[in-house]
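The values are calculated or read from the model by the stated rules, or taken from the named source; none is laboratory data. Note that this is a predicted model, so its numbers are computed, not measured. Cβ sites come from the backbone with ideal geometry, for glycine too, and all protein chains shown count toward neighbours.
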Amino acid sequence: MSYHHPNSPSNLGRRRLCPGSYKEEAGVPEIVEAGEAAEFGTEMHKECEGMLDVWRRHVVEGKEWAPPLPIWDDTADDLARRCIAWLKSKSWVGPGVDIYIEAPLALYGEDGAVLTSGTADLLLVGQDWVRVVDWKSNREPLEKVTAAMQINAYVAAAMQSFNKPEGFGYLHQPRLEDTYTYEIDHLPSAIKIVASIVDACKDPEPEYNEGEHCGFCNGKLTCPLVSKRFKQVAAMPVGIQEGMTNKEVEIVAREYLMANKEAIQQYADALHLIEPLARATRAAVLRCLKEDPDSVEGWTTRSQQSRSVVDPIKLYELCRERGVGEQEFMDTCSVKIGELEKEYVRVVQNASIKEGNKQTKRAIRQDFQNRTEGAGGPVKRNEGVAMLIPNKKKGDDGDSRDLGKITG
């Protein structure tokens, strides 16, 4: 298992928001469930590495290199091509510039201790500057403070390692054709930012804060805020008894809350932390039982198989052959309309880009809904399951992708 610094550049934004997370995560193994988005991001990064390696060899040999052009199909290969095309347009790579792919970087404090360390996707070192580039496969814009903390650490570490007076950072999102920029021309100030976060984490009584960052924390099992919320819920005299069905529990809880409306706020605040903890704990218990079936008495695991339709048109034809009517088929089958809408947006937008008249995702999504949900359309909108979502505090940071500049 590869080592990750507990205060890695990608963690600094979270540590800044909740220094106590450092204490709670200490000694807790980092369990990463590689989801589809993470696997796609890894594949895109590998494609970028391969193209950059070819480009670097051409630079060393003094040859020109024409990178493969984007094909606008949103595959990992296509996004990597977009990344390289963006980089090629900047004219940073050339003779006299050293290229480091997957560059390990560490930032040291005044006492020589490592403040943070991590691996930058791309590091370019010129005569008096460094440029750090990080590729992001996200579909949504980045959170600016977290992005700034991450790129500040990488750029400062590169400036320190190569003794350069200027440093520039770039977080590039090929899916959005968007780039966040960062600049440092006073290294001590940049180091001070990281050192202040690390010092706050090592405080014997660190500060704890709730927020969306809690979802990325591996220390929820021992977190005092989670424990406090859990006790609040457990102490509420809702009247739940062993053997009740989920529906019965819901009815009892609703009756209690309607009679004690001041408790609703406590429940809402508590669920925001308890639900992720319950999911994470359940996954951990299942993993342990799978590895050691006899570790817990009275419990075992069972894999639930599921089936998915890979060819709905062929399925319809087979059912019709055996007498299943069209209406019966439509009543019993469903389509992942959200996934279909995403594919519709991707195809239409890529076609518009090739035609030189790029349409926005919002406009294409609205077109899809207008076409499918109108009178007599094939899609109807149903009332869905309500979700509990915390309100975001909106800041006046505008649309700028400039993350800031560190000066003396």
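Points to keep in mind about this one:
- Among helices (runs of 4 or more DSSP H) entirely within region 1-116, having at least 3 residues that are at pLDDT below 90 singles out 36-60.
- Residue in region 144-168 that is farthest from the chain's Cα centre (by Cα), counting only those that are β-branched (Val, Ile, Thr) and either buried (at least 24 other Cβ atoms within 10 Å of the Cβ) or within 16 Å of Thr407 (Cα to Cα) (or both): Val155
- Only one of Pro204, Pro174, Pro141, Pro188 that is in the same structural domain as Lys88 (by TED's automatic domain parsing) and closer than 17 Å to Lys405 by Cα: Pro188
- Members of region 42-84 that are surrounded by fewer than 16 Cβ atoms within 10 Å (Cβ to Cβ), free of Cβ contacts under 8 Å to residues at least 12 places away in the same chain and among the acidic types (Asp, Glu): Glu61, Glu64
- Hits in region 189-235 - residues which are in a helix (DSSP H, G or I) and of a type in the set (D, E, K, R): Lys192, Asp199, Glu212, Lys228, Arg229, Lys231
- Only one of Ala253, Ala278, Ala283 that is assigned to a helix (DSSP H, G or I) and over 30 Å from Glu24 (Cα atoms): Ala253
- Qualifying residue in region 124-138 (condition: surrounded by fewer than 19 Cβ atoms within 10 Å (Cβ to Cβ), touching a residue at least 12 places away in the same chain (Cβ under 8 Å), under 26 Å from the mean Cα position of the chain (by Cα) and not in a strand (DSSP E or B)): yes
- Condition met for Pro312 (closer than 27 Å to Glu212 by Cα and either surrounded by 10 or more Cβ atoms within 10 Å (Cβ to Cβ) or modelled with pLDDT of 90 or more (or both)): no
- Check on Ala278, without any contact (Cβ under 8 Å) to a residue 40 or more places away in the chain, assigned by TED's automatic domain parsing to the domain that holds Val226, surrounded by 11 or more Cβ atoms within 10 Å (Cβ to Cβ) and closer than 25 Å to Asn209 by Cα: yes
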